[in-house]
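Data first, discussion second: the structure below is written as structure tokens.
The values are calculated or read from the model by the stated rules, or taken from the named source; none is laboratory data. In this text the structure is predicted, and so the values were computed from the model without any measurement. Every residue, glycine as well, gets a Cβ built from its backbone with ideal geometry; the counts of neighbours run over all protein chains shown. Note: areas computed on protein heavy atoms with side chains; ligands, DNA, RNA excluded. Shrake-Rupley method; radii C 1.70, N 1.55, O 1.52, S 1.80 Å.
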Amino acid sequence: MRLVTAMILALSISFTAFAEKNTTTEGTVKLKKVEGSKVQLIYGMVPNGAITVKIYDDFNSLVHTDRILSKKEFSKAYDFSKLKEGKYQIGVFNSNGEVDHMELNVGEKKVEPVVFSKLEKVHGNKYKLLVNSLLPSNMSVLIYENNQLVHEEELKDTKGFQKTYVFNHPVGHSKIEFFVKSEDGFSKLMAAN
């Protein structure tokens, strides 16, 4: 009976020591995404031995290993911008095992729509607008005269158009501006010369 009591006491002490050790590392060691495809490791306690950072790709292949020997707290940045697109796993390990872990998606870049637009004053009150898009999209044309909206037009699922706009009244010294935008993110304001 004494042996069982001693074993239970020893196990509870070891679990308590493990729990205390785990709470001291939690929050003091952290991987965080700082911008775009950059990750910062903050090791906010004095390491007990070597710290290892391992980076794996989508196929669980080891891409990079970093062994850090430090006698004080430290911070280190990792730049993933040169790596190919995909998901990466980052793990921070000390002598007790994994301390922190993070998943990072690299290459989720917003593709800018490829649109060419040109406005030219033909003569008098006529303006020619040319718009060409690489991919079909819904587009809007807004025409402003002296900062007042005078015409609005919607074009559905178009790759482009060429159109001449004629003003019925003399515009004289009016400021004429054409604003073209597509639903996939393109927008351009053009003033007539």
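Can you tell me the dipole magnitude for region 72-144 around its Cα centre, using point charges on the Cβ only (Lys, Arg +1; Asp, Glu -1), in Debye to the nearest 20?
660 debye
Sticking with the crude label model, points 7 Å out along Cα→Cβ, report the distance from residue 146 to residue 32 in nm, one decimal please.
My value for the distance between the label points is 5.4 nm.
Holding the Cα-Cα limit at 25 Å, pick out from 84/156; 38/159; 54/84; 126/175; 84/118 the pairs that are longer than that.
Over 25 Å apart, Cα to Cα: 84/156; 38/159; 84/118.
As an exercise, use a Förster radius of 30 Å and the Cβ-Cβ distance of residue 188 and residue 79 to find the FRET efficiency, rounded to the nearest 0.05.
Plugging the Cβ-Cβ distance into 1/(1 + (r/R0)^6) gives 0.35.
Mean separation of Cα pairs under 8 Å and 6+ residues apart, divided by the residue count of region 46-193: what relative contact order is that in percent?
18 percent
So how much slack lies between residue 138 and residue 154, counting 0.36 nm per residue of separation and subtracting their Cα-Cα distance, in nm?
5.0 nm
Quick one: 3J(HN,Hα) in Hz for region 175-191, Karplus 6.51/-1.76/1.60 with θ = phi - 60°, rounded, Gly and Pro as x.
The phi angles translate into 8, 9, 9, 10, 10, 10, 9, 10, 6, 8, x, 7, 8, 8, 9, 10, 9 Hz.
Under a 1.4 Å probe, what is the accessible area of region 62-133 per residue, stated in Å²?
67 Å²
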